1. Taking the alpha-carbon distance from residue 294 and a cut-off under 19 Å, which lysines remain once sequence neighbours fewer than 8 residues away in the same chain are dropped?
2. Taking the Cβ of residue 433 as the center, what net charge do the other residues with Cβ under 12 Å away carry, scoring Lys and Arg +1 and Asp and Glu -1?
3. Enumerate the lysines that residue 55 could reach by cross-link, defined here as Cα to Cα under 29 Å, with residues fewer than 8 away along the same chain left out.
4. Length gain on complete extension for the stretch residue 201 to residue 494, per 0.36 nm per residue less the alpha carbon to alpha carbon distance?
5. What are the ³J(HN,Hα) values, in whole Hz, obtained from phi via the Karplus relation 6.51 cos²θ - 1.76 cosθ + 1.60 with θ = phi - 60°, for each residue of region 132-142 in sequence order, with x given for Gly and Pro?
6. Within 10 Å of each candidate Cβ there may be at most 14 other Cβ atoms; applying that plus a DSSP loop requirement, which chymotrypsin sites (Phe, Trp or Tyr not before Pro) in region 286-395 survive?
7. Mind giving me the FRET efficiency for residue 423 and residue 279? R0 is 30 Å, r the Cβ-Cβ distance, nearest 0.05 is fine.
8. Could you state the angle between the C-alpha long axis of helix 282-296 and the longest principal axis of the C-alpha atoms of the chain, as a value from 0 to 90 degrees rounded to the nearest 10?
Amino acid sequence: MPELIQVGRINAVTSHALTPESQQRAAVVDLGSNSVRMVVFEGVARNPVPIFNEKSTLRLGKGLEATGRLSEEGISKAMEVLSRYGTIAQAMGATPFDVLATAAVRDAHNGMDFIEAAQKRVPNAHFRILKGTEEADYSACGVLCAVPDADGLVADIGGGSLELIRVQDGHYSDADSTPLGVIRLRERSDGDLATAQNLAKHAFANVKWLPEARKRPLYLVGGAFRALARLHIARMQYPLNMVHLYHLSYEEAYEMASWTVSASRKQIEKIGNVPRKRLVDAPFAAAALLRLLKHVQPSDVWFSAEGLREGWYMGTVASSVKQQDPMEALASEMASRLGRNASLPEALISWTAPLFLEHEEWSKSENEVSLHRLACMVSDIGSYDHPQYRAEQTYRRLLYSHGVGFDHKSRAFSALVIAVRYEIDLEHPVLEPSRVLLSKSWFSKAVQLGMALRLAYTLCAGTDILLKSCQLRVEGETLILDMGAGSLRAAGSAVKRRFERLADALNMTPHVKGG
């Protein structure tokens, strides 16, 4: 029987023999109070790549508050599901294969007996019962996977507990576990939301370090919190049905939680966009969140789909790439897989930089520099698509891509840039998410950069050698295109037309030298 590890911090996890990165698959099972989920990741990547993701609702922690024991029905279901997961892990060649048990198993009198029986049923798995602080550690690591510069409070809600942990400068500290998981909170409050809020109020008051997180961002993790985000997305008719890095102001988050607490079951069902099994959880997640918002008054609120499982992956499998920027890693991967010339992105960044560094509309903030670089890196990812559809295809590819560090406005901006680079009609209905998510100023900036990239590709035919033979620069109110001796001279053709459109978008006078 494999060794049972009951405690231990992330940096003390038993090491596993890993296969070559190109072939490696790793599996983790998150065995919670409410549900169990298995994810199989492929390779070692800064943006985790799940190739299998399956959840089953067990309600393992149902009745735990009254009996102190795991639900017998939940145990029976868990054994069946875990056996299936063990077979899948073996068939997919996944190693390591870890099962991480959380609050319900940790707190139940029969938790250890259950784990020992499960190990016999799934001998190829490595079982661990996480401490509350360990659970918080993994969740924080998952958030940092998506938001490396996160500086605030992570709150991860499950069925049996709600973990709190402070994140700052790429590190996490001050972890605490509270008995505010949605199943436990509902049972302790006898289904009364006012009582649930009062229980949450007292639980947060006992976390002594929590005042240090006041007025900083709050990062929400866990299925019940994601259900709140899905409700709000549908209720607000938000243009992206995407929970990861969904962003709200403090006031918006407070309104969201207040509405959910006061809404009837029928009102919540009418909104939709939430699995039926989560409908009973949402009001209790909202009750806990409402008290947390009052307690810490965060500057803003972010929802993260990256949590315990991704934290396990980054700590156990992909620690070697953890320091990479997730957005740049995604852009580099897409460019190498879908582009034609690996050396062109850096040339495009340099070629377009003078234009935007010298233009007053661009503030040269770190975010703008990052988005400029990202757009240049992915500017050729539609090269192999059908020309009739490549503008729409690349727009959707970027907008809906699986990138953990890609927030919604960055998606809307980058997708619009590349659609314009492929000369999309700006009135095309597919661009509606960018019209909603971007301010007029940012929409204009995306169009300008897209037009500059369109011009660059017309000049160089996708080669960095030809791009170096011409220059784009600003002199006062004049935009100058200097056609060098080795360039493809095309005055009066597509080059001139696209150059003039770019100058017009920038409210500048175009001038071609050497054309």
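1. 201, 208, 215
2. Charge balance in the 12 Å sphere: +3.
3. 77, 120, 131, 266, 270, 277, 322
4. Gain on stretching residue 201 to residue 494: 99.0 nm.
5. Computed from phi, the couplings for region 132-142 are x, 5, 5, 4, 5, 4, 4, 4, 4, 5, x Hz.
6. Passing both the DSSP loop test and the Cβ count: 384, 389.
7. The computed FRET efficiency comes out at 0.10.
8. The two axes meet at around 70 degrees.
Every number in this text was worked out from the coordinates using simple rules, so none of it is lab data. Just so we're clear, the structure is a prediction, and the values are computed from it rather than from any experiment. When we count neighbours, we look across all protein chains shown, and the Cβ atoms used for this are built from the backbone with ideal geometry, even at glycine.
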